[in-house]
Amino acid sequence: ILSATISSFSNYTTTTGYFCGTTITLDATLTSDLNGCPGDGIVIGASNIILDCAGFTIRGDGGATDAGVASNAGDNNVTVKNCVIENFGIGIIFDDSDNSTIFNNTIQHVNIGGAGATIISFSNGTNANISSNTIYNITADAGGGPIGISFSEGARGTSANGIIYGNNFSLFSG
């Protein structure tokens, strides 16, 4: 079952059945690029989901607060892997997510805005695995320097047992 809310039409296209802004509630594998996303690229809408981009690109339109992949608060056991994410204000954001994995993604050509803006943000969760990601060609506006990976506690007060390993960062400026 594919669920999507369309609030306006634009020039973005895909042949996968997944569109920019799609909320997935079942495992999903991309079979083509998503281009020119005017908001979030893909939204995770349930626990126990695997998003496998299979090397395809999720490309935004440059919106400063848009994310390539966004996981709704409370979605647990989520995996995002094999994605190329570019031209968003945020690469991947997980909030309130336990036992989730961000693995083997490339996040590039991102211009983040404001102090503390982040490429991969994992907050207020436990047992995160953020590994084997490549992050490069990141710039920031005058509001502050870019943060590559943020793993922090929030309202729930816990961020524990995370693995952040083997990630590659290059070409940051801010």
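The values are calculated or read from the model by the stated rules, or taken from the named source; none is laboratory data. All values reported here derive from a predicted model rather than from experimental measurement. Quick reminder, even Gly has a Cβ in these numbers, built from the backbone with ideal geometry, and neighbours come from all protein chains shown. Quick note on the areas: whole protein, heavy atoms, side chains included, nothing else; ligands and nucleic acids left out. Shrake-Rupley method; radii C 1.70, N 1.55, O 1.52, S 1.80 Å.
State yes or no: is THR65 modelled with pLDDT under 90 and surrounded by 13 or more Cβ atoms within 10 Å (Cβ to Cβ)? Against the criterion (modelled with pLDDT under 90 and surrounded by 13 or more Cβ atoms within 10 Å (Cβ to Cβ)), THR65 qualifies. Residues of the range 82-111 that are open to solvent by 10 Å² or more (accessible area, probe 1.4 Å) and within 15 Å of PHE122 (Cα to Cα): ILE90, ILE93, ASP95, ASP96, ASP98, ASN99, THR101, PHE103.
Looking at the range 37-51, is at least one residue within 18 Å of ILE120 (Cα to Cα), modelled with pLDDT under 90 and assigned to a loop (DSSP other than H, G, I, E, B)? Scanning the range 37-51 turns up no residue that is within 18 Å of ILE120 (Cα to Cα), modelled with pLDDT under 90 and assigned to a loop (DSSP other than H, G, I, E, B).
If the condition is being of a type outside the set (A, V, I, L, M), within 22 Å of SER132 (Cβ to Cβ) and part of a loop (DSSP other than H, G, I, E, B), then the range 53-86 contributes CYS53, GLY55, PHE56, ASP75, ASN76, ASN77, ASN82, CYS83. Does ALA155 count as open to solvent by 70 Å² or more (accessible area, probe 1.4 Å), of a type in the set (Gly, Ala, Ser) and either more than 18 Å from the chain's Cα centre (by Cα) or modelled with pLDDT of 75 or more (or both)? Judged against the criteria, ALA155 is a match.
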